[in-house]
Every structure is written in C-alpha cells, then in structure tokens.
Amino acid sequence: IPVEQFDLIIFGGTGDLAKRKILPGLYRRFLSGQIPEGSRIIGAARSEHGVEEFRDIVRSAIAEHVAPDKHDDDAISGFLNSLEYVTIDALGTGGWKELAALMRPSVVRAFYFSVGPSLFGAIAERLKKYKVTDDESRIVVEKPFGHDLPTAKALNETLSRHFTEQQIYRIDHYLGKETVQNLMAVRFANMLFEPLWNARNIDHIQITVAETVGVGGRGEYYDKSGAIRDMVQNHLMQLLCLIAMEPPYAFDPDALRDEKLKVIRALEPVEPDDIVRGQYLGDDEGPSYLEDCGNPSSLTESYVALKVRVSNWRWKGAPFYLRTGKRMRARSSEIAIVFKDPPHSIFGDQAGQNPNVLVIRLQPNEGMNLTVTIKEPGPGGIRLIEVPLDMTFKEALGAEADDIPDAYERLIMDVIRGNQTLFMRGDEVEAAWAWTDPIIAQVEDRANRPKPYEPGSSGPEESLILMHRDGRRWREVK
Ligand code: NAD
C-alpha cells in the first residue's frame, strides 16, 4: 500500500549507514511501488556534492547493497530522479536557507539524523531556527541515544524544546525486524502460548546476539562504549521487553510502550556475580580487541553475559540470560524460551532430557522453531526423541519471504505513515539507562579486567559458569 507523498531529508546522506541501509532500503520500497510519485529524498551532508554526484553515490550503493535480482534499470533511474542534495553544515550556517527553500507545503516531511550523536541537538535547533520544519514534521534519531542517563535526559530535553514527543522517532532497528514483530503476533494472536507464558511453565529465557566481526576500524569509537552500552541498553533490552511485557490493550504506540516501560521498571539491579565481560583475543583472521581499539590497557568489554531478573508476578523465578559479543563463532541472533520439564514422568528418566524450547531466530534464517518430544518411530519400547516444529519463513512462505522488508525500510515507511509503535519513547530510553548505568558503574568501580576469549568461540569460559551454577546451559551459537 503506497504511503503519502513525502520529502525525506537524510542528514549524513553520504555516510556509511545511509549507503548500506537507508538508501538501498528506500530503493526497494520504490521498486515495490510503495513510494508515490513526486516524493523526494534529499541528501544533506557536509561534503560538497552536486546532485549528480550524489546520484552516482546512491547508484553505487544500490549496486553494492541491493540483491542483483532487484536491479531494475527503469526503477533505478526513477529512484535516482527523486533524489536531491544539499551541502549543509550541521554546526554552522551553510546550507540551511537552501534546505528551507526546498520544502513544500502539504507534503509529509521527515528528517533522518544519520550523523554522529554530537550533531543531533545542533540539527534539531537549526531545523527550527531556519523554519525548515512544520508542526507535522517528523525527526528520526539514530542510536546511540545518549551515553548514560544524564546525557539521554539532556538529549531528550534538547529535542523536546523543538519537537513534540509525537514528532520524535527514536530508532532501534531491532524493532523493525520481521521476527521481532512476529513475536508479538505469536504471543497475542494465538491461544497456545500465552497461558504458558510465565515462570510457572517457563524455566528461563536466553537472548543471544552474536557477531563474527570484530570492532575493526571503529575500535577507538567502540572503546568508549562497549557491549553493555552498544547492545544491551537498547537492542537486547527491547527484545527482553517484548517477551516479558503484559498484553497491551491494543496494538497502539502508547499502549505497547507503556507495557515495555513497566518491564524495564521491574528489572532488578544486576549482582556483580551475574555479569561476565570479555575481550576477544587475536588470531590469523584478525587482531585482538586490545589491538583493534588501540588501547592496550582498555577495560571495555567486547562481550557481555548477564543474568537478569524481572521482578513481577509473571516472571519471578524465571531469569533472563542475555549475551552479546563480537568475533564469536557465528553470526546468530535468537531468543530461546526454555520450558520446564513436565511435573511427573511416566517414562522413567528419559523425560526431562529435552525440554520444549521455542526459538525465535532473528538471523540467519528468520523464523521460529518449537522443539517437542515424541516417541521415536519403531517397534521397540518407547524411546523419546526431540523433533522440531519448524517455521522458517523462507519455507513457510516461499517466494513471499524474499520480499520481507529489511528493518530500516519498514521503519522509515512507519515514520512516513506517522506510526510510532516500533519506536522508543523518551521515558523508555531513560528507564533503560537508569537500569544500565549502575551495572556499568559497578563494573567500572571494580576496574576488573574483561576475561579474554578465543575468537570464533562462544565467549569466555566464565559465561558458561554463569549458567552451569544454575544447572542450565547456553544453547550452541550456530
Ligand atoms: P559516517 O561517519 O559514515 O557518516 C556521517 C555522515 O555525517 C556523513 O554523510 C557526513 O558527511 C555527515 N556529517 C558529518 N559531520 C557533519 C556536519 N558537521 N554537518 C553535516 N553533515 C555532517 O557515520 P554512519 O556510520 O553512517 O553513522 C551515522 C549515525 O548512525 C551515527 O549516529 C551512528 O551511531 C548510527 N548508526 C550507524 C550504523 C552503521 O552501521 N554505520 C548502525 C547503527 C547506527
């Protein structure tokens, strides 16, 4: 379904994120017919370019980041024709009047801040000062949203001086992932799962976001943040919220965000023994974290595992184990809901070896999988085996699965539609920092060195112990 005609202004339109995700995503939406004629995408960045140069940049970005079967010459030239470019200085005066002059009344205006976070405030201020925006305009703010609670609050204050909460779209691209939204459909559109969705029936939950890449050229920047700030405070927290929240009264932005906020507020402080941090070592394929970040005495973590308790009626007794890291064995993100054993076994000690596990896979092979125990076929006695009820989207939906929009393109279309459901609200981000800050402070106070781990492994040994001491174990990273 096409959206309304719009002008999307991308600050940082020549940057890495714009070239890899935003512009290729917009092209795919254009190809699918969702972007109406007359809509414009306006790159705005510091580099001096004419519009033709910007079109060349975008042409190359499409060639590199869009699957070849979607390279359609007519669509590409139509898309490139919708592009404009303005050289602008976010911290100065250059380009702002030109940008204001390009604006059209009665067309949806959205401003995507795909620049470093130090520029967010300056851009918001100038958009207002130079009258580039109107009351309906939307701003899209990239991560990181603050470095801690005081900086997040300051940023919220700056943005709210110029825009209302309804105009601010804080992106967490994990919320745009198809499976993440499907998690809500599975929970709230089926009778099967919700009655079991609590600590009486669920033993624990594992959330894993594993990457194979190191921090590479971004080492110096990454070293100021680390895995807790870069991944846990936002992405893993959002996943946890969607699993743990109560059913919202409607699929409505504030109804959903109210429920997520209640979960964040119910998180208990994390005990020192419930955190394991790590730093990857080097091997033939790449340098160690300490070399990558250029600081041999860095105490920043490239891996973290946490045991998190949600203190409410539903979850008391069923912990959430979270882990995320760089240079791990596989690029793999999943949520695993591990159910309890049946209360009594009529099959002797065979039962309980294979608990039911509902796995929601974010990547690769987006989809869901439920393991159930059945009898192994054959004439002998009853031998129990575990089989998967598999719902990989590619298999279930066939060719339709190829058209699943990437997280960014879906979220940008939501901005144009004015739908904030999958964006973080200001109070939610602050609550997440309020929980994360003491964890970071505790780690920094103790100044303990992150544990080294082998690249290509599933993290430091100590993270296995975090589970073993509770009689549980991590699922394999694969
Ligand atoms: P980048 O350094 O590749 O690009 C920055 C862009 O900002 C360039 O277009 C540059 O011209 C422009 N810019 C810089 N200073 C400017 C100024 N004073 N005035 C106007 N324009 C200016 O950065 P990136 O990797 O594309 O990241 C952009 C934002 O997105 C950051 O907030 C980052 O944290 C976030 N982000 C990036 C990724 C990613 O994969 N690259 C992923 C998630 C979030």
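Can you spot a residue in segment 116-127 that is acidic (D, E), away from the ligand (no atom under 15 Å from the Cβ) and either farther than 27 Å from K307 by Cα or surrounded by fewer than 17 Cβ atoms within 10 Å (Cβ to Cβ) (or both)?
Looking through segment 116-127, none of the residues is acidic (D, E), away from the ligand (no atom under 15 Å from the Cβ) and either farther than 27 Å from K307 by Cα or surrounded by fewer than 17 Cβ atoms within 10 Å (Cβ to Cβ) (or both).
Is one or more of the residues making up segment 258-267 out of contact with any His (no Cβ under 9 Å at 6 or more places or on another chain), under 23 Å from R446 (Cα atoms) and either part of a helix (DSSP H, G or I) or modelled with pLDDT of 95 or more (or both)? Walk me through how you get there before you give the answer.
Residues of segment 258-267 out of contact with any His (no Cβ under 9 Å at 6 or more places or on another chain): 258-267.
When the remaining residues are screened for being under 23 Å from R446 (Cα atoms), the result is 267.
The next check asks that each one be either part of a helix (DSSP H, G or I) or modelled with pLDDT of 95 or more (or both); those that pass are 267.
Taking every residue of segment 258-267 in turn, at least one turns out to be out of contact with any His (no Cβ under 9 Å at 6 or more places or on another chain), under 23 Å from R446 (Cα atoms) and either part of a helix (DSSP H, G or I) or modelled with pLDDT of 95 or more (or both).
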Among (1) at pLDDT 95 or above; (2) touching a Leu at 6+ places or on another chain (Cβ under 6 Å); (3) open to solvent by 20 Å² or more (accessible area, probe 1.4 Å) - the single one T151 does not satisfy: (2)
Criterion: more than 11 Å from the ligand (Cβ to nearest atom), over 20 Å from P405 (Cα atoms) and touching a residue at least 40 places away in the same chain (Cβ under 8 Å) - qualifying residue of I57, I88, I42: I42
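What is the residue count in segment 1-12 for residues that are touching a residue at least 40 places away in the same chain (Cβ under 8 Å) and away from the ligand (no atom under 16 Å from the Cβ)? Let's see the steps before the verdict.
First, pick out the residues of segment 1-12 that are touching a residue at least 40 places away in the same chain (Cβ under 8 Å): 3-12.
Still in the running and away from the ligand (no atom under 16 Å from the Cβ): 3-7.
So the count comes out to 5.
Quick grid of which residues meet (1) within 12 Å of the ligand (Cβ to nearest atom); (2) assigned to a loop (DSSP other than H, G, I, E, B); (3) under 22 Å from I168 (Cβ atoms); (4) touching a residue at least 12 places away in the same chain (Cβ under 8 Å):
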| residue | (1), (2), (3), (4) |
| --- | --- |
| T14 | yes, yes, no, yes |
| P24 | no, no, no, yes |
| Y27 | no, no, no, yes |
| E53 | no, no, no, yes |
| D69 | no, no, no, no |
| A75 | no, no, no, yes |
| F79 | no, no, no, yes |
| Y112 | yes, no, yes, yes |
Cross-chain or 6+ apart pairs with Cβ under 7 Å, segment 438-458 first and under 17 Å from R229 (Cα atoms), then surrounded by fewer than 16 Cβ atoms within 10 Å (Cβ to Cβ): P438/P269; Q442/P272
Neighbours by Cβ (under 7 Å, 6+ apart or cross-chain): first from segment 349-368, modelled with pLDDT of 85 or more; second assigned to a strand (DSSP E or B) and acidic (D, E): P355/D203; V359/E334; I360/E334; R361/E334; L362/E334
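One line per residue, one yes/no per condition, for (1) over 31 Å from the mean Cα position of the chain (by Cα); (2) loosely packed, with under 14 Cβ neighbours inside 10 Å:
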{"site": "E37", "(1), (2)": "no, yes"}
{"site": "I41", "(1), (2)": "no, no"}
{"site": "H49", "(1), (2)": "yes, no"}
{"site": "E64", "(1), (2)": "no, yes"}
{"site": "H71", "(1), (2)": "no, yes"}
{"site": "S106", "(1), (2)": "yes, yes"}
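The values are calculated or read from the model by the stated rules, or taken from the named source; none is laboratory data. Model, not experiment: these values are computed from the prediction. Ideal geometry is used to build each Cβ from the backbone, glycine not excepted, and the neighbour counts take in all protein chains shown. Keep in mind that these areas ignore ligands, DNA and RNA; they rest on the heavy atoms of the full protein, side chains included. Shrake-Rupley method; radii C 1.70, N 1.55, O 1.52, S 1.80 Å.
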